[in-house]
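The values are calculated or read from the model by the stated rules, or taken from the named source; none is laboratory data. Quick caveat, the model's predicted, so the values are computed rather than measured. Here the Cβ positions follow ideal geometry from the backbone for every residue, glycine too, while neighbour counts run over all protein chains shown. Accessible surface is based on the protein model in full, side chains and every heavy atom, while ligands, DNA and RNA are left aside. Shrake-Rupley method; radii C 1.70, N 1.55, O 1.52, S 1.80 Å.
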Amino acid sequence: MASKIASGLKRFIKDIVKRFYTLLVTSAVVVIIAVIAFWGIKVISSNIKTIDPGTYVEISMPSDLTENPYMYVDDWAVEKDISMFNMLSAIKAAGTDPNVEGLILDMDSLGFSSQHYDEFEKAVEEYKTSGKKIYAFGNGASQNSYRNALLADSIVMTPSQSASFNITGYYASYSYYKTLFDKWGVSYTVVNTGPYKTYGESYVRDSISDQQREQVLEVYESRLKNFIEDVSEKRGIEKERVQQMVDSGEIYLISPIEAKEKGLIDNLDYRESFIESLAKGDEKPPVIGIEKYVSTNYAESHMKNPASDKIAVIYAEGGIYMSDINPSIIDKEPSIIPSRICAQIEAAAKDDEVKGIVLRVNSPGGSALASEIIHESIQRAKEKKPVYVSMGQVAASGGYYMSAPADKIFAGEDTVTGSIGVVAVIPSVEGLFEKIGINQDTISRGENASVFDISKDMSESEKNALQANIDKVYAEFKSRVSTGRGIEMEQVEKIAGGRVWTGSQALENGLVDELGGLGDAIQALADQLKLEEYSVEVAQNDAGYKKAAFKIREKAAKLAGMDRTHIPAELQKVQEFLDEYDRLEAWSKKPLMLMPVEIED
């Protein structure tokens, strides 16, 4: 009897738990659907379709402005992240929009890269043909924001000593880990091609190499020259005087008041009174952000041509990986994977309405094999229609490899490109095992069977075998450049060796065809195809949804009181190393086509 009661009670409890679980899951699904519906309504309702006459459009962009538009989650609202191309198109549209009175550049959030400046400048100059004014206003000015503000008819800043005008020149700091690794008993074998293929030197040196210093300094000298010329031309100050102010630190951490005295800005005012000064009547003019203006009917009509003839734009942004990439990497940053981008190229090549393809490359490189697969995909697409490449801020090493077969290559003056070379980085923890008392026994058949065993140092035979493999990949790289660019191999040898070039230098040595941005590449392709009317179609991918998923996870962590996005300043270097290790792990045991270091603005 007791056993029957116990058995019945057990079934009863099990049934209750089952019902509760079903109710819980159902409720969760309902909540998720409700949240998605809420997000969708918010996205739709937040789009402004018309604006009032006399409106000013304010351009406020973060330094991490994306090339490829994607969906992201911010404060539980799914919004479309504005892309560089959409923003530039909207600026041009504002020039002919009868309801737009003028533009305002927000100097506090105007962090375009050096290369993006060229494209931004062309869009602003086209806008100016309308005769409308453009103003720049800010509480502070950095080197990049000030260079962009120079495009305005008038630069206005807050009249306070606590406001900042800060022009520093260019600076880079790189971490070197050899001393740390020696203490740990960790070592690296770096096998490369050419003296300038310096990726990996931070693992085997305590300081920067002469070749690394030379090429980074060369990029910075080029950028500083362009900056000085812009300030001189647009502010009417002698180049020598601008150079002297930068080199001496005279315009580092000064106030806008001092900047005005030096002729670097036009006026001093507070934001509210500045906006009021733009009024034509008694009421302050309305101001709308560029991220809202792109969704207006007028702006969209200029960005979406209904013509049946299309030019496809495909974004190749981030490190280059094979399909076995660590998911944690693509959660954090854009990435280029052959299975995805080759499918986009193939689809555009097969689409009869697509008359030509523009590949927008913004990549420091990565997997040599993945670069070769994408290269071959472009070759096949070229058999059906023309393929142009527009280089973003960086299109180096593997980023250049995939670009080489294009019918025409466009780059900005400050684009970082070239870095024709190959490198392999192999770690060893043999010393670490000795320190902590781990004894490793191995059994092998074949002289180089243990080449990628990180528990031991590489033998000379293994190093020689790896070097031979790297040399073959390097020879293939140079052959691809020679064939794709129509350059004799002798000339390729002179510009290879891992050397990094600016866009201007690349034009001189034949690595690119023209200086210009994405819009220039699209227009040139349309001209070649003799298209009077055409639409621009951006290829879609799933990167945005992965980005959104990452943002959702971070939001959940915040709600739980664990903000994983906040890293104490003292741990930043450690985090940077760990992120670099994630990438290195994904690229390990493979020939790599990577530019030496990230060159910051």
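One line per residue, one yes/no per condition, for (1) of a type in the set (A, V, I, L, M, F, W, C); (2) at pLDDT 50 or above; (3) in the same structural domain as ILE275 (by the TED database):
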{"residue": "THR26", "(1), (2), (3)": "no, no, no"}
{"residue": "ILE32", "(1), (2), (3)": "yes, no, no"}
{"residue": "SER63", "(1), (2), (3)": "no, yes, yes"}
{"residue": "MET71", "(1), (2), (3)": "yes, no, yes"}
{"residue": "ASP75", "(1), (2), (3)": "no, no, yes"}
{"residue": "ASN86", "(1), (2), (3)": "no, yes, yes"}
{"residue": "LEU105", "(1), (2), (3)": "yes, yes, yes"}
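Could you say whether any residue in the range 174-182 is part of a loop (DSSP other than H, G, I, E, B), crowded, with 19+ Cβ neighbours inside 10 Å and touching a Lys or Arg at 6+ places or on another chain (Cβ under 6 Å)?
For the range 174-182, residues part of a loop (DSSP other than H, G, I, E, B), crowded, with 19+ Cβ neighbours inside 10 Å and touching a Lys or Arg at 6+ places or on another chain (Cβ under 6 Å): absent.
Does PRO338 meet the test of being surrounded by fewer than 24 Cβ atoms within 10 Å (Cβ to Cβ), touching a Gly at 6+ places or on another chain (Cβ under 6 Å) and not aliphatic (A, V, I, L, M)?
Numbers: surrounded by fewer than 24 Cβ atoms within 10 Å (Cβ to Cβ): yes; touching a Gly at 6+ places or on another chain (Cβ under 6 Å): no; not aliphatic (A, V, I, L, M): yes.
So PRO338 fails the test.
Each row is one residue, and each column tells you yes or no for (1) assigned by the TED database to the domain that holds LEU150; (2) within 21 Å of LYS463 (Cβ to Cβ); (3) in contact with a strand residue (DSSP E or B) (Cβ under 7 Å, 6 or more places away or on another chain).
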{"position": "SER173", "(1), (2), (3)": "no, no, no"}
{"position": "TYR176", "(1), (2), (3)": "no, no, no"}
{"position": "ASP182", "(1), (2), (3)": "no, yes, no"}
{"position": "SER187", "(1), (2), (3)": "no, yes, yes"}
{"position": "VAL191", "(1), (2), (3)": "no, yes, yes"}
{"position": "GLY200", "(1), (2), (3)": "no, yes, yes"}
{"position": "GLN212", "(1), (2), (3)": "no, no, no"}
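For the range 258-294, enumerate the residues that are β-branched (Val, Ile, Thr) and either in contact with a helix residue (DSSP H, G or I) (Cβ under 7 Å, 6 or more places away or on another chain) or part of a loop (DSSP other than H, G, I, E, B) (or both). Spell out how you get there, then give the answer.
The first filter runs over the range 258-294 and keeps only residues β-branched (Val, Ile, Thr), leaving 265, 275, 287-288, 290, 294.
ILE265, VAL287, ILE290, VAL294, listed by residue number.
Would you kindly identify the helices (runs of 4 or more DSSP H) lying entirely within the range 452-546 that contain at least 2 residues that are under 30 Å from TYR188 (Cβ atoms), open to solvent by less than 50 Å² (accessible area, probe 1.4 Å) and of a type in the set (D, E, K, R)?
It comes to 460-485.
Is at least one residue of the range 209-218 in contact (Cβ under 8 Å) with a residue 60 or more places away in the chain, farther than 30 Å from GLU434 by Cβ, under 27 Å from the mean Cα position of the chain (by Cα) and surrounded by fewer than 17 Cβ atoms within 10 Å (Cβ to Cβ)?
Yes, there is a match, as at least one residue in the range 209-218 is in contact (Cβ under 8 Å) with a residue 60 or more places away in the chain, farther than 30 Å from GLU434 by Cβ, under 27 Å from the mean Cα position of the chain (by Cα) and surrounded by fewer than 17 Cβ atoms within 10 Å (Cβ to Cβ).
Let's see how each residue does on (1) open to solvent by less than 10 Å² (accessible area, probe 1.4 Å); (2) under 17 Å from GLY517 (Cα atoms); (3) in contact with a Cys (Cβ under 8 Å, 6 or more places away or on another chain); (4) modelled with pLDDT of 90 or more:
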residue	(1), (2), (3), (4)
ILE373	no, no, yes, yes
GLU376	no, no, no, yes
GLN379	no, no, no, yes
GLU383	no, no, no, yes
PRO386	no, no, no, yes
VAL394	no, yes, no, yes
GLY398	yes, no, no, yes
TYR401	yes, no, no, yes
PRO405	yes, no, no, yes
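Those residues that are over 17 Å from ARG147 (Cα atoms) and of a type in the set (A, V, I, L, M), I need them from the range 249-295; list them, please.
Across the range 249-295, the qualifying residues are ILE257, LEU268, ILE275, LEU278, ALA279, VAL287, ILE288, ILE290, VAL294.
If a residue must be within 11 Å of PRO159 (Cβ to Cβ) and open to solvent by 50 Å² or more (accessible area, probe 1.4 Å), how many such residues does the range 259-270 contain?
4
For ALA136, state whether it is open to solvent by less than 10 Å² (accessible area, probe 1.4 Å) and either in a helix (DSSP H, G or I) or of a type in the set (Lys, Arg) (or both).
So ALA136 does not fit the description; no.
With the condition kept exactly as written, say whether any residue in the range 168-175 is modelled with pLDDT under 95 and among the aliphatic types (A, V, I, L, M).
Checking the range 168-175: at least one residue is modelled with pLDDT under 95 and among the aliphatic types (A, V, I, L, M).
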